[in-house]
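The values are calculated or read from the model by the stated rules, or taken from the named source; none is laboratory data. Just so you know, these numbers come straight off a predicted model, no measurement behind them. Cβ sites come from the backbone with ideal geometry, for glycine too, and all protein chains shown count toward neighbours. With ligands, DNA and RNA removed, areas are computed over all heavy atoms of the protein, side chains included. Shrake-Rupley method; radii C 1.70, N 1.55, O 1.52, S 1.80 Å.
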Amino acid sequence: MPITKESVIERLKTVNGPDFTGNIVDLGMVSEIFIADAKVFFSITVPAARAQEMEPLRAAAERVVKAIPGVAGAVVALTAEKKGGGMEAPVPPRQPSQAMPPRPAPASQRPAPQAPASHSHGKRGVPGIEAIIAVASGKGGVGKSTTAVNLALGLAANGLKVGVLDADIYGPSMPRLLNIHGRPQTVDGKVLKPMQNYGLKVMSMGFLVDEETPMIWRGPMVMSALTQMLREVEWGPLDVLVVDMPPGTGDAQLTMAQQVPLAGAVIVSTPQDLALIDARKGLNMFRKVDVPLLGIVENMSYFLAPDTGKRYDIFGHGGARREAERLGVTFLGEVPLEMGIRESSDAGAPVVVSKPDGAEAKIYRDIAAKVWDRVNEERGAAEAAVPSIVFE
């Protein structure tokens, strides 16, 4: 039988509210319930002053929902509300790995290396993934997702094993950019298998919900979904996972920066001052949480007229390069505003794979090479900074 919101609500009515007064549904503590691929997502709003003691309540709600026939899993987060209606910082949800024991690796599979923890003391890596790179922008509309997918394909073209995590919960782009359709399968009903195309392993919320379905989630729901898509996916051995971040500096960015050992961040901007102002915000956010800055990409850097070959600097030119020099950050390269890049992206065949010998594909491969060089530089710097203990 299909899982319905009504059946979930009925089960949740069996969970007592704080101090055993009523139930969490009638008390108005349960958020909008979302169901996708037999998994149930919702949050519970609790008094801010008592948020830390409400974990048993959250666990009870998760337990009764998981007991519903057909439910493959549940993501339940606590949200703390303070008097006056404003929202406090969300209570961090329990890591999915605590609710879902790790699946034993097949005997034929070599042990997956643990992700390096440089720059990320106390952050738990993802087994099998050597490096995780965030591709971010301070604002939308600068071509970040197109840059992220072509960067990933450029890394793969340079000989690396690459995965892509689409972290934009509200506006996932990877299914269309990589021409991937359908739903991911599960391993033992617990761990998702990533979708694949063009040699990339990919996970996106766009595979779990219909393209036109709006995601109306609070911050904790986004954090829980991101953590699950990262840690409950059978990525296998990867040299690098490219994370396409949503624009801005919100919950998704902080979740990735604070909970995941990022090898570094790539910032995408256009040349004009307005975009660069927002790009600085992204740069400063990653700096504050001690994530290495791998460099800046200037997208839509210039336009070459297809009929005359004449160059036009529509959005100005060189702004990102000057900003990189001013901030002491590596300038990774200029990507032109070119119709072929847009057309190939819309068609689900990014330019690095559809025109691998073209000038634009070479630009992305060169950027990918510089990014990987920067990752290795940061690794070397982190290893050199670790003191050695000598016994005499």
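A compact table of results
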item	result
Theoretical FRET efficiency, 1/(1+(r/R0)^6), r = Cβ-Cβ of GLU377 and ARG322, R0 25 Å, to 0.05	0.65
Length released on extending from TYR170 to ALA49, taking residue separation times 0.36 nm less the Cα-Cα span	40.5 nm
Computed over region 332-376, the ratio Rg/Rh where both radii use C-alpha atoms and Rh is Kirkwood	1.02
Per-residue SASA entry for MET221, accessible area with 1.4 Å probe, Å² rounded to 10	10 Å²
Ranking by accessible area, most exposed first, for LYS362, LYS66, LYS39 with a 1.4 Å probe	LYS362, LYS66, LYS39
Förster radius 25 Å - calculated FRET efficiency between VAL187 and LYS123 (Cβ-Cβ, nearest 0.05)	0.50
For LEU294, net neighbour charge (Lys/Arg +1, Asp/Glu -1) across residues whose Cβ lies under 13 Å away	+1
Rounded to the nearest 10 Å², the accessible area of ILE132 at probe 1.4 Å	0 Å²
Linear extension gain, ALA67 paired with ASN179, 0.36 nm per residue minus alpha-carbon span	36.7 nm
Nonlocal amide H pairs with LEU238, under 5 Å, H built at 1.01 Å	ILE129, GLU130
Sites ILE314 and LYS288 - FRET efficiency at Förster radius 35 Å, r taken between beta-carbons, to 0.05	0.60
Heavy-atom accessible area ranking, 1.4 Å probe, most first, across TYR198, TYR364	TYR198, TYR364
